[in-house]
Amino acid sequence: MSSHHPHLRTPSGKPRLRSFEIALDGTPGRFNAITDVPGVAVGYATLIAGDGPLRIGKGPVRTGVTAILPRPPGELATPVFAGVFSQNGNGELTGTHIIEETGAFNLPITITNTHSCGVTRDGTLRWMSRVQPAALDSAWGLPVSAETYDGFLNDINGHHVGFDHVASALDGATSGAIDEGSVGGGTGMISFGFKAGSGTASRIVEWQDRGYTLGVFVQANFGRRHNFTIRGRRVGPELTEPAIRERTPRAEKGSIIAIVATDAPFLPHQMKRLARRVPLGIAMTGGYGYHSSGDIFLAFSTANPEAALAASGRIARADFIPDVDIDPFFDAVVQGVEEAILNALTANEDMTGRDGNFVPALPTGWLKNKSG
């Protein structure tokens, strides 16, 4: 397999987990990304500026916003069947109440830092009113916006994410191969004491002679070094170095947001079942849902658009795979979440942020030795 293959490298050339020849389960899609699900697109706005002491409102800035479009721009008013699950609710994902009520949502998803969650939510509505104003005439303006905390590296109280950054991420959303690591909302994020952030993966699931795609996207910002696990092996204890350097005390405010997308036809209760399996993939890497961690997950299906719209005055009909056949899709969620988290770690570099706070990248030389 060529070193430029999208399974091995990100578009910007950073290594993904598979470049280290570590054995994984399941069959990935063409790009091994959430964008393998037809119609799903991802865009980023990455904000990196300044060094030295924290000056609130000035920087240093290490943050951004990620946009995920569940359908092509012209179809964003059409809902997708969905389910949400909170393993530990020390965080935020807006729009959950209507998803619990109706089993669906529409409009794009954004993920950012904790103190910019409202900005990206409102920015999504501003963007929709520009690109598809009619969609807000008939739809509820309740977009999904999620967050994790980046205040160890970023001037989080400086509110550097603006509406223009939200629009840039949404306008730039693309299918195909996407970057990972310190990009978009993941720019200032940390997992297991290593630089983390944005990660993705996908799996092909065969059912009744047809291949369906299930994709995962994570914003990983959780986990303690001693728990870090790769493919069932507890490696954290042998990775005490390189260490985080705390010029200012590091608050335990880790979290993970996971978005699961599929083109397989499932009903809302089944999407919630998929979302409930996300913690099992997190546990494979050593994440245990600690008190300070906001572990919140959303799963959606792009199938059944007419049923999701459910026009007035006629019976709506939806296809769905039987619950008794759902287990291979559970496998795909667990496998995809595990790999997406590890991709966020491998496709990364050291980062120094506010006040000289330093977070090392997972040492790729160590990974090569382990895989060899």
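The values are calculated or read from the model by the stated rules, or taken from the named source; none is laboratory data. Everything numeric here is computed off the predicted structure, so don't read it as measured data. Positions of Cβ are backbone-derived with ideal geometry, glycine not excepted, and every protein chain shown enters the neighbour counts. Keep in mind that these areas ignore ligands, DNA and RNA; they rest on the heavy atoms of the full protein, side chains included. Shrake-Rupley method; radii C 1.70, N 1.55, O 1.52, S 1.80 Å.
Table for the structure above
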| read-out | value |
| --- | --- |
| Angle in degrees between helix 327-346 and the longest Cα principal axis of the chain, rounded to the nearest 10 | 30 |
| Helix 117-131 vs. the chain, principal-axis angle (Cα, 0 to 90°, nearest 10) | 50 |
| Sparsely packed trypsin sites (Lys or Arg not before Pro) within the range 249-323, loop by DSSP, other Cβ within 10 Å at most 10 | ARG314, ARG317 |
| Portion, in percent, of the accessible area of the range 10-82 that falls on carbon or sulfur, probe 1.4 Å | 52 |
| The chain - percent relative contact order, Cα under 8 Å, separation 6 or more | 25 |
| Over 19 Å between alpha carbons, listed pairs LYS195/LYS253; LYS14/LYS195; LYS195/LYS272 | LYS195/LYS272 |
| Accessible surface of the range 133-201 [probe 1.4 Å, protein heavy atoms]: carbon and sulfur percent | 52 |
| Highest-fluctuation residue, GLY103, GLY50, GLY123 considered, GNM on the chain with Cα pairs under 10 Å | GLY50 |
| Cα-based Rg of the range 1-69 normalised by 2.2 N^0.38 Å, two decimals | 1.53 |
| MET1 versus LYS370: modelled label distance in nm, points set 7 Å from Cα along the beta carbon direction | 1.8 |
| Evaluated over the chain, the Cα radius of gyration and Dmax, each in Å | 19.4, 64 |
| Accessible carbon and sulfur surface of the range 202-352 relative to its total accessible area, %, 1.4 Å | 49 |
| Å² per residue, accessible surface of the range 75-167 at 1.4 Å | 38 |
| Local net charge near GLY103, Cβ-Cβ under 13 Å (Lys/Arg +1, Asp/Glu -1) | 0 |
| Centroid-to-centroid separation of the range 193-222 and the range 11-32 [C-alpha atoms, Å] | 11 |
| Formal net charge of residues neighbouring PHE81 (Cβ-Cβ distance under 15 Å; K, R +1; D, E -1) | -3 |
| Residue-count net charge about LEU69 - beta-carbon cut-off 12 Å; Lys, Arg +1, Asp, Glu -1 | -1 |
| Long-range HN-HN contacts of PHE81 with modeled amide H, under 5 Å | SER301 |
| Cα pair distances in the range 275-365, grouped into 10 Å bins until the bin that holds the longest one, percent each | 13, 27, 28, 18, 10, 4, 0 |
| Placed amide H near ALA201: partners under 5 Å, 5+ positions off or other chain | ILE34, VAL216 |
| Å² per residue, accessible surface of the range 168-305 at 1.4 Å | 34 |
| Dimensionless Rg ratio for the range 133-266, taking C-alpha atoms and the 2.2 N^0.38 Å reference | 1.30 |
| Average projection area in nm² (convex hull over Cα atoms of the range 77-162, one quarter of hull surface) | 6.1 |
